[in-house]
Amino acid sequence: MPSGRLVLIVDDEEAFLELLKDSLELRGFEVITASSAVGAGIEIALKKPDAILMDIRMPGINGLQACEAIKKNPETKDIPLMVISALSGDADIKKAHKAGVSEYFVKPVNIENVVMKLKATLGVG
């Protein structure tokens with residue numbers, strides 16, 4: 001597996017999850033997915049992704065709660081977090097940054113913008 005290229009996508013909307021996964025794989029990223037924060041926790045523990053793309057509105061634990069937990073854990077605190085959400089309000093964006101999110105994308109998202117930010121964040125071509 002190329003270093004710095006394993007991305008975890010967390011979203012409960014299956015069609016969007018698959019679209020984003022396929023788009024990133026076509027651009028050379030290795031992708032793992034989860035449809036909930038609990039599933040994300042399992043994937044993070046098993047595979048330690050290099051970056052995480054997280055939705056906010058999900059059943060159970062929401063994406064911001066998951067981001068806060070990731071940032072509080074010494075094992076995962078350095079993993080870059082990016083949000084892709086339908087929530088577009090300033091308050092939502094501020095909460096996400098406070099939770100440790102470095103980038104915030106609003107759905108419908110421009111895949112090329114996500115790819116550019118991922119590549120810049122991970123330092124890959």
Whole number please: convex hull volume per residue of the Cα set in region 49-125, in Å³? 90 Å³
Can you work out the Karplus-derived ³J(HN,Hα) for every residue in region 32-42? Use 6.51 cos²θ - 1.76 cosθ + 1.60 with θ = phi - 60°, whole Hz, and x for glycine or proline. 10, 10, 8, 9, 8, 5, 5, x, 4, x, 5
With a cut-off of at most 12 other beta carbons within 10 Å, and DSSP calling the residue loop, which trypsin sites (Lys or Arg not before Pro) in region 63-122 qualify? Please list them. Lys77
Binned at 10 Å starting from 0, the alpha-carbon pair-distance distribution of region 6-109 in whole percents comes out as 16, 54, 28, 1
Each residue of region 22-30 in order: what ³J(HN,Hα) in whole Hz does its phi give by Karplus 6.51 cos²θ - 1.76 cosθ + 1.60, θ = phi - 60°, with x for Gly and Pro? 4, 4, 6, 5, 4, 9, x, 8, 8
Arrange the following residues from fewest to most other Cβ atoms within 10 Å of their Cβ: Asp90, Asp22. Asp90, Asp22
On the formula 1/(1 + (r/R0)^6), with r taken between the Cβ atoms of Glu18 and Glu75 and R0 of 22 Å, the FRET efficiency rounded to 0.05 is 0.15
The answer for GluC sites (Glu not before Pro) in region 60-125 that fall in a DSSP coil and have at most 13 neighbouring Cβ atoms within 10 Å is Glu75
Among Ala37, Ala86, Ala99, residue whose mean-square fluctuation peaks in a GNM of the chain (springs only between Cα atoms under 10 Å): Ala86
Val31 long-range amide H proximity, modeled H, under 5 Å: Val7
Interchain or long-range residues, amide H under 5 Å from Tyr104's placed H: Val83
Mind putting a number on the dipole of region 6-109 about its Cα centre? Charges go on the C-beta only, +1 for Lys and Arg and -1 for Asp and Glu, and I need it in Debye to the nearest 20. 440 debye
Using alpha carbons only, how many angstrom separate the centre of region 1-75 from the centre of region 86-125? 13 Å
So which residue, out of Gly63, Gly100, Gly41, gets the largest mean-square fluctuation from a GNM of the chain using Cα contacts under 10 Å as springs? Gly41
Mean residue ellipticity at 222 nm from the helices of the chain, using -39,500 (n - 2.57) per DSSP H segment of n ≥ 4 over the full residue count, to the nearest 500 deg cm²/dmol? -13500 deg cm²/dmol
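We did not get these values from a lab; they are worked out from the coordinates using the rules stated. Small disclaimer: the values here were computed from a predicted structure and weren't measured. With ideal geometry, Cβ positions are generated from the backbone for all residues, glycine too; neighbour counts draw on all protein chains shown.
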